[in-house]
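Asker: Input: one structure, supplied below.
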Amino acid sequence: AEIGFHSVDLNLPDTISQEELIAEVKKLNADPMIHGILVQLPLPEGIDTNEVLKAIAVEKDADGFHALNVGNMWLSGGDPPLAVACTPAGCIELLQRYDITVSGKNCVVLGRSNIVGMPICALLQSMNGTVTCCHSRTKDTAEKCRNADIIIAAVGKAEYVRGDWIKPGAVVIDVGINRVENKDPKEKTKSGKMKKYVMKGDVNFDECAPKCSYITPVPGGVGPMTIAMLCKNTYNLALHSLGQPREPLRKSPSHVNISARS
């Protein structure tokens, strides 16, 4: 509503069945006033998340999770995706806004989730980055990070990336959001009491920041970009429904070779 979108907040009980939830999704699919659908995850126990997400029409896939959108994102050439996963798209937006070159750079992505890790690998590769995806079975992750020009951390482990992992001048984007017990008496609530918990990223900010050319904070870094990209996806889906050209994900002249794809 704050940006002029018509918004429908459908709150359903956690006792809803999978069939009932899918029926609600299909109602939204058929509503011409709705251009983007987002299903808040995680879903209640007993509901197959994949089946619910598959029920969302690709033309209304605001999250960019539909198999057709994911497949088109990975393909070289062909049809562009109608929407791109919001957090990875936000990371790309940050790189572009700060005019950070990806082409020819060593890029390390920490994490291989369908929501962040795998999509960001595809996007960086499409921008001619040399991409290494590290995960729970990767050997010597720290050494791979030490050779990276760009690190994107999305593993869900508080302060996992340490200062001695960072090459001087590297760019670090921290996607992690971890709730940890507060041990700093300076961290206080508005009422002046010491906070019980604080939010930490996957990167040890204090150790890594002095060595980075750019680094995102947590909170306040990638999070707002995810919301912005969700709005952009919804806007683009509305344009698509009217047969109008969509706003591309990448506009930078240095990325002109792939700007027409998304």
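Asker: Could you run through the range 205-248 and say how many residues are open to solvent by less than 40 Å² (accessible area, probe 1.4 Å) and over 20 Å from the mean Cα position of the chain (by Cα)?
Answerer: Final tally of qualifying residues: 5.
Asker: Scan the range 115-168 residue by residue and report those that are among the charged types (D, E, K, R) and within 23 Å of Asp99 (Cβ to Cβ).
Answerer: We begin by selecting, within the range 115-168, every residue among the charged types (D, E, K, R); these are 137, 139-140, 143-144, 146, 149, 157, 159, 162, 164, 167.
Residues satisfying the conditions are Asp149, Lys167.
Asker: Considering the range 198-250 alone, what residues qualify as being of a type in the set (D, E, K, R) and not in a helix (DSSP H, G or I)?
Answerer: Taking the range 198-250 first, the residues of a type in the set (D, E, K, R) are 200, 202, 206-207, 211, 232, 246-247, 250.
Residues satisfying the conditions are Lys200, Asp202, Arg246, Glu247, Arg250.
Each row is one residue, and each column tells you yes or no for (1) of a type in the set (S, T, N, Q); (2) over 30 Å from Met33 (Cβ atoms).
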residue: Lys144; (1), (2): no, yes
residue: Thr189; (1), (2): yes, yes
residue: Gly192; (1), (2): no, yes
residue: Thr216; (1), (2): yes, yes
residue: Ala228; (1), (2): no, no
residue: Leu242; (1), (2): no, no
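Asker: Hey, another quick one. Restricting to the range 164-192, what's the tally of residues that are open to solvent by 30 Å² or more (accessible area, probe 1.4 Å), at pLDDT 90 or above and in a loop (DSSP other than H, G, I, E, B)? Lay out the reasoning, then the answer.
Answerer: The first filter runs over the range 164-192 and keeps only residues open to solvent by 30 Å² or more (accessible area, probe 1.4 Å), leaving 164-165, 167-169, 177, 179-181, 183-192.
After this cut, where a residue has to be at pLDDT 90 or above as well, the list is 164-165, 167-169, 177, 179-181.
Filter once more, so that each one left must be in a loop (DSSP other than H, G, I, E, B): 167-169, 177.
Summing the residues that are open to solvent by 30 Å² or more (accessible area, probe 1.4 Å), at pLDDT 90 or above and in a loop (DSSP other than H, G, I, E, B) in the range 164-192 gives 4.
For (1) without any contact (Cβ under 8 Å) to a residue 24 or more places away in the chain; (2) open to solvent by 50 Å² or more (accessible area, probe 1.4 Å), each residue gets a yes or a no:
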site: Pro13; (1), (2): yes, yes
site: Ile47; (1), (2): no, no
site: Val52; (1), (2): no, no
site: Ala55; (1), (2): no, no
site: Ala62; (1), (2): no, no
site: His66; (1), (2): yes, no
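Asker: Against the definition (in contact with a strand residue (DSSP E or B) (Cβ under 9 Å, 6 or more places away or on another chain) and under 22 Å from Met229 (Cβ atoms)), how does Leu53 come out, yes or no?
Answerer: Details: in contact with a strand residue (DSSP E or B) (Cβ under 9 Å, 6 or more places away or on another chain): yes; under 22 Å from Met229 (Cβ atoms): yes.
Taking the combined requirement at face value, the residue satisfies it.
Asker: Right, another one. β-branched (Val, Ile, Thr), touching an Asp or Glu at 6+ places or on another chain (Cβ under 7 Å) and either in contact (Cβ under 8 Å) with a residue 12 or more places away in the chain or at negative phi (or both): is that true of Thr189 in this structure?
Answerer: On the way: β-branched (Val, Ile, Thr): yes; touching an Asp or Glu at 6+ places or on another chain (Cβ under 7 Å): no; either in contact (Cβ under 8 Å) with a residue 12 or more places away in the chain or at negative phi (or both): yes.
When the stated conditions are applied, Thr189 does not pass them.
Asker: Please verify whether Cys134 is open to solvent by less than 80 Å² (accessible area, probe 1.4 Å), more than 19 Å from the chain's Cα centre (by Cα) and hydrophobic (A, V, I, L, M, F, W, C), treating the condition exactly as stated. Explain how you work it out, then say what you get.
Answerer: Working: open to solvent by less than 80 Å² (accessible area, probe 1.4 Å): yes; more than 19 Å from the chain's Cα centre (by Cα): no; hydrophobic (A, V, I, L, M, F, W, C): yes.
No.
Asker: Looking only at the range 15-26, which residues are surrounded by fewer than 11 Cβ atoms within 10 Å (Cβ to Cβ) and either part of a helix (DSSP H, G or I) or out of contact with any Pro (no Cβ under 9 Å at 6 or more places or on another chain) (or both)? Even if it seems obvious, please write down each step before you answer.
Answerer: Pass one, the range 15-26, residues surrounded by fewer than 11 Cβ atoms within 10 Å (Cβ to Cβ): 15, 19.
Result: Glu19, single match.
Asker: Quick one: in the range 110-128, of everything that is open to solvent by less than 10 Å² (accessible area, probe 1.4 Å) and more than 25 Å from Asn50 (Cβ to Cβ), which residue is farthest from the chain's Cα centre (by Cα)?
Answerer: Met127
The values are calculated or read from the model by the stated rules, or taken from the named source; none is laboratory data. Quick caveat: nothing in here was measured; it's all calculated off a predicted structure. Don't worry about glycine lacking a Cβ; one is built from the backbone with ideal geometry, like all the others, and counts go over all protein chains shown. For the accessible areas, the whole protein counts, side chains as well, though only heavy atoms, and no ligand, DNA or RNA atoms are used. Shrake-Rupley method; radii C 1.70, N 1.55, O 1.52, S 1.80 Å.
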